[in-house]
Amino acid sequence: MSARTFKTDESVDFVVVGSGAAGGVIARELSVAGFSVVVLEQGPRLNATDFEHDELKYTFLHGITNDPVASPQTFRRSAADTARQGNGVMNPLVYARIVGGSSTHFTANYWRFHEIDFNERSVLGGIPGTAFADWPISYRDLEPYYTRVEWDIGVSGLAGSSPFDPPRSKPYPMPPLPVKSSGVLLERGARKLGLHPFPAPMAIVSKPYRGRPACVNCGFCIGFGCEVMAKSSVLYTMIPEAEATGRCEVRSRSYVFRVESDPQGRATGVHYFDSEKRAHFQKARAVVVSANGAETPRLLLNSTSARFPHGLANSSGMVGKHLMFNQQTAVHAVFEHELNEYKSVQVTRVVHDFYNSDPRRGFYGGGGIDARIGRQPIGWALASGGDLPTWGQALKARMEAFPRSMVAAGHATSLPLETNNVSLDPTLKDAWGIPAIRVTYKDHPDDLATARFIRDRSADIVAAAGAQKIWKEEVTERSLSVHLLGTCRMGNDAARSVTDKYHRAHDVPNLFICDGSSFVTSGRGQPTMTIQALAFRAADHMARFARAGEI
Amino acid sequence: MNEQNGSRRSFLFALGGLSTSAWLATSWREIAVAADHAAHVAATTPAQFGFLSPADAADVDAITAQILPSGATPGAREAHAVYFIDRALATFFADRGPAFRAGLEEFQRSFRKALPAATAFAAANAGEQVAFVTSVERTEFFQSVRVLTIVGTLSLGQYGGNYAGTGWKLMGFEDQHVFSPPFGYYDRDYAGFVVGNA
């Protein structure tokens, strides 16, 4: 598949751990800039023809996500508790284990973070008991790279459609995707309430773009790989372009378990297992870790040495800390006529009127609301709780209401807490004998209050749109997430952060970390757009350092 | 709902609780291999049960028909959910077979105790079946049959159920890979997006 291969004893300029949203971008940018790059991805490489509309496999049996049997994790609410493994159904931290990473199976919501997301601590003040902080970069620093994402990767949207959008230097490269009935209803309800709905920015192409066809509206985006390459995963965009340079090799089924460093404190390469569990060592002048907010801190914590006894790049003790999930809420609504939400992309309209935190609410936080399908058929029919019928004519009637139903979904803030973290489980190991992830997580009370607030505003909107029946999912403490944020935060203070504002580890000059772990605060959900903007920016600086002989 | 429906957010909720999730803890790869094999066997031999006896299959079929009843629209029976359950227990859920069999025997014992005059659950009338299922709806066995019935009715046919797409028809779900707008009633006459709150 790769246009070029490298020997493991050949010291490449950069070895990139992870081929996902960030790793794919960095590999492309560095190889286009003239550097040799090896990307190591633990999962397999699949192509568009390998994906299928198989809900049982993709949604319930972790067909392309991390396997809780081979790669188990444990969970606890606080350090005082004993972490326990689940029953093998699903890990607490979920990601796609495949070339392209979670950019392959994501929903593809691609709103930009707002200016406030980067300096909220300065605007609002501190929040006792939290690590609420400003980012070391501003929206202005990142704006050119948001534009790179939209144009180089391919994002559909309508500039100027939201009064809350931050400034932008270019419009979207293509128009929004066709509106769905859920979008029309969200728009209708929101406008009745004086709100400002707008077309959803989506990393799914609405017209042929850079050699890829337009979306065919098959509806299987969330949790599924795209069968026509219309979803702008790095699998279909950045990675082929990196390989086309002749300077990049993507090595799949290659599980990195240790970053090696020398006595001088410089990274020398990475150890990994191939598909046959044989260990190899790939030499490199510099190492980039983009393994996601769960696996990046785990890898660093597993890379101890005499010089780094608490894990690589962890003199601050901040590796793994400040795990953030984003709050997510759901309000189900049934209407008189058919919506057929199983058709087309998941989201076509968004509301950002409640994005900013408002002290008058009495708690910190804010979020966005969108309209979408709730679950695919099996998930829909299996749902239980509240007054939902579980068998008989009543269940059948509920199933028959499937085409008339939608969800108003809320996406909101999570505060950074040092007590919420990824650490190594003291006893549990994965199928390769490597210490497993232990998750410690308990939502801050403001996060739960924000979730209830956003959920209730979502309910207001579908009620205003004329829903016949509304069902609000209960807001409960989180124990599972696909948004894996904050665990190697950037910062100017080496004692309180893992990397500097260029994503270079404070402790290791030729080690770079860029993915969801880099976040300082959570934003209001939909993190991948910002992960990729960070990746474009980080790659620029990596290339600059390399050219200057500083790696 | 989640990002797996969001879904993953409320995953156990989506699954309907722990009794559901226990059935879905198997790697799909094991299922896929077994399902391929089972599909091959089914294609080359007359339809027959591999795990359930005919009498047990009749009872399980009757339970599935109470979970998703037939009527003006098809139900679990028309979707061949019992064949999915049998195939699953004979192949990819074989390790759960003994527990399922024990649960079924307990279900049958309880039924005979409740209705001594009845010969079998499958032979009881609809009212008797509904009354009995109501009395056992919280048992692990019934919850297991519920999960397997729904999965068997709505998963891909290659897994043994959802005969001729019956389950999807029940849900109003069209099994197509290409759709064009309008997708539903409310976007048919959409006038176009207007910036602001017009």
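The values are calculated or read from the model by the stated rules, or taken from the named source; none is laboratory data. Here the structure is a predicted model, which means the values were calculated and not measured. Methodologically, a virtual Cβ is constructed for each residue, glycine included, from the backbone with ideal geometry; neighbour enumeration extends over all protein chains shown.
General remarks:
- Unique residue being within 26 Å of A:Asn356 (Cβ to Cβ), of a type in the set (Asp, Glu) and within 13 Å of chain B (Cβ to nearest Cβ) when the list is A:Glu418, A:Glu477: A:Glu477
- If the condition is being assigned to a strand (DSSP E or B) and of a type in the set (A, V, I, L, M, F, W, C), then segment A:464-486 contributes A:Ile470, A:Trp471, A:Leu485.
- Just one residue in the set B:Arg87, B:Arg138, B:Arg96, B:Arg146 is under 12 Å from the mean Cα position of the chain (by Cα) and within 14 Å of chain A (Cβ to nearest Cβ); that residue is B:Arg146.
- Verdict on B:Leu154 being under 11 Å from the mean Cα position of the chain (by Cα) and at the interface with another protein chain (Cβ under 8 Å from one of its Cβ atoms): yes
- Identity of the residue in segment A:166-178, touching a residue at least 40 places away in the same chain (Cβ under 8 Å) and closer than 15 Å to A:Ala203 by Cα, that ends up surrounded by the most Cβ atoms within 10 Å (Cβ to Cβ): A:Leu177
- Residue count for segment B:157-198 satisfying the condition of being over 21 Å from A:Arg372 (Cα atoms), of a type in the set (Gly, Ala, Ser), facing chain A (nearest Cβ under 8 Å) and free of Cβ contacts under 8 Å to residues at least 24 places away in the same chain: 2.
- Yes/no for A:Ala244 being in contact (Cβ under 8 Å) with a residue 40 or more places away in the chain and surrounded by fewer than 21 Cβ atoms within 10 Å (Cβ to Cβ): yes
- Hits in segment A:1-34 - residues which are touching a residue at least 12 places away in the same chain (Cβ under 8 Å) and among the basic types (Lys, Arg): A:Arg4, A:Arg28
- Lone qualifier among A:Pro416, A:Pro426 - being touching a Gly at 6+ places or on another chain (Cβ under 7 Å) and under 28 Å from A:Ser78 (Cβ atoms): A:Pro416
- A:His332, sole failed condition from (1) buried (at least 20 other Cβ atoms within 10 Å of the Cβ); (2) more than 18 Å from A:Asp460 (Cβ to Cβ); (3) modelled with pLDDT under 95; (4) more than 7 Å from chain B (Cβ to nearest Cβ): (2)
- When A:Leu177, A:Leu235 are checked against the criterion of being more than 13 Å from chain B (Cβ to nearest Cβ), modelled with pLDDT of 95 or more and under 19 Å from A:Ser103 (Cβ atoms), A:Leu235 stands alone in meeting it.
- Residue tally, condition more than 13 Å from chain B (Cβ to nearest Cβ), assigned to a loop (DSSP other than H, G, I, E, B) and not hydrophobic (A, V, I, L, M, F, W, C), over segment A:152-170: 5
- Filter result for A:Val39 (modelled with pLDDT of 95 or more, among the hydrophobic types (A, V, I, L, M, F, W, C) and crowded, with 24+ Cβ neighbours inside 10 Å): yes
For (1) crowded, with 24+ Cβ neighbours inside 10 Å; (2) under 11 Å from the mean Cα position of the chain (by Cα), each residue gets a yes or a no:
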position	(1), (2)
A:Phe512	yes, no
A:Gly516	yes, yes
A:Thr521	yes, no
A:Ile531	yes, yes
A:Ala538	yes, no
A:Met542	yes, no
A:Ala546	no, no
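- From the list A:Leu484, A:Leu417, the lone residue that is in contact with a helix residue (DSSP H, G or I) (Cβ under 6 Å, 6 or more places away or on another chain) and surrounded by 19 or more Cβ atoms within 10 Å (Cβ to Cβ) is A:Leu484.
- Flag for A:Lys180 being out of contact with any Phe, Trp or Tyr (no Cβ under 7 Å at 6 or more places or on another chain) and basic (Lys, Arg): no
- Cβ pairs under 8 Å, 6+ apart, first in segment A:375-402 and facing another protein chain (nearest Cβ under 7 Å) and at positive phi, second part of a loop (DSSP other than H, G, I, E, B) and modelled with pLDDT of 95 or more: A:Gly392/B:Pro69
- A:Asn47 satisfies every condition listed in (1) surrounded by fewer than 24 Cβ atoms within 10 Å (Cβ to Cβ); (2) among the polar types (S, T, N, Q); (3) more than 19 Å from A:Ser103 (Cα to Cα) except (3).
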